[in-house]
């Protein structure tokens, strides 16, 4: 599975000496190309951007239509069924990407994992299940998968920095899911921030990207 993902990974090299990495996961039906330019525009010059593309698969929520998806989405209802096997398999892949960067000489505390919607959900879950302290997590318009397994299943240090962002008019991933995720993360993590955006639907905005830029620059300063 990993090799199939890597065939469609967008990598933007650091503009200066590479000392940090930002891995960003797209949302349902998108590709790595969709977020690569936006992430490259807000990174410090020492940061390499890695944007993989999910495998194409049937998605239950979309009547079985095949599209790039990190795992099967069965429902976005609170308490609805989840693809536990798929979520855990995708998490193994994300962990392998992180470990690849560590093997290349980038320490875990110089790696940020992020994502939008389904990609943000996977990034958040993967970071909480990773035993080393990452530089941070950027989770946009998303939720925490398999939330009932937390805090018991937390493997990360509790000082993991997380920025959770959500529009209050999101018609796809309800704002209430973002609020519930924020409430849970506040009980788990010491360095957590939840930002909401008035009138924002299931997309990003200049204001949100500015906040993400500030977070990334603060967690991955130039060396």
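Listed values, structure above:
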quantity: Residue 33/residue 96 FRET efficiency (R0 25 Å; Cβ-Cβ; nearest 0.05); calculated: 0.75
quantity: The chain: relative contact order in percent, alpha carbon pairs under 8 Å with at least 6 residues between; calculated: 18 percent
quantity: Taking 97, 180 and counting other C-beta atoms within 10 Å, the order from fewest to most; calculated: 180, 97
quantity: Distance from region 165-223 to region 14-38 (C-alpha centre basis), Å; calculated: 18 Å
quantity: Residue order, fewest to most surrounding Cβ atoms within 10 angstrom, among 133, 43, 37; calculated: 37, 133, 43
quantity: Gyration tensor (alpha-carbon) shape descriptor, the chain, a/c threshold 1.5; calculated: rounded
quantity: Linear extension gain, residue 55 paired with residue 191, 0.36 nm per residue minus alpha-carbon span; calculated: 45.7 nm
quantity: Residue-averaged [θ]222 nm for the chain, counting only DSSP H segments that reach four residues, each worth -39500 (n - 2.57); calculated: -10500 deg cm²/dmol
quantity: Mean Cβ count within 10 Å, highest first, over the residues of peptides 66-75, 99-108, 167-176; calculated: 66-75, 167-176, 99-108
quantity: Per-residue Cβ neighbour rank within 10 angstrom, fewest leading, 57, 201; calculated: 201, 57
quantity: Anisotropy class of region 183-223 from Cα gyration tensor, a/c 1.5 cut; calculated: oblate
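Where a number appears in this text, it was derived from the coordinates with a stated rule and is not lab data. In this text, all values refer to a predicted model and were calculated from it rather than measured experimentally. Positions of Cβ are backbone-derived with ideal geometry, glycine not excepted, and every protein chain shown enters the neighbour counts.
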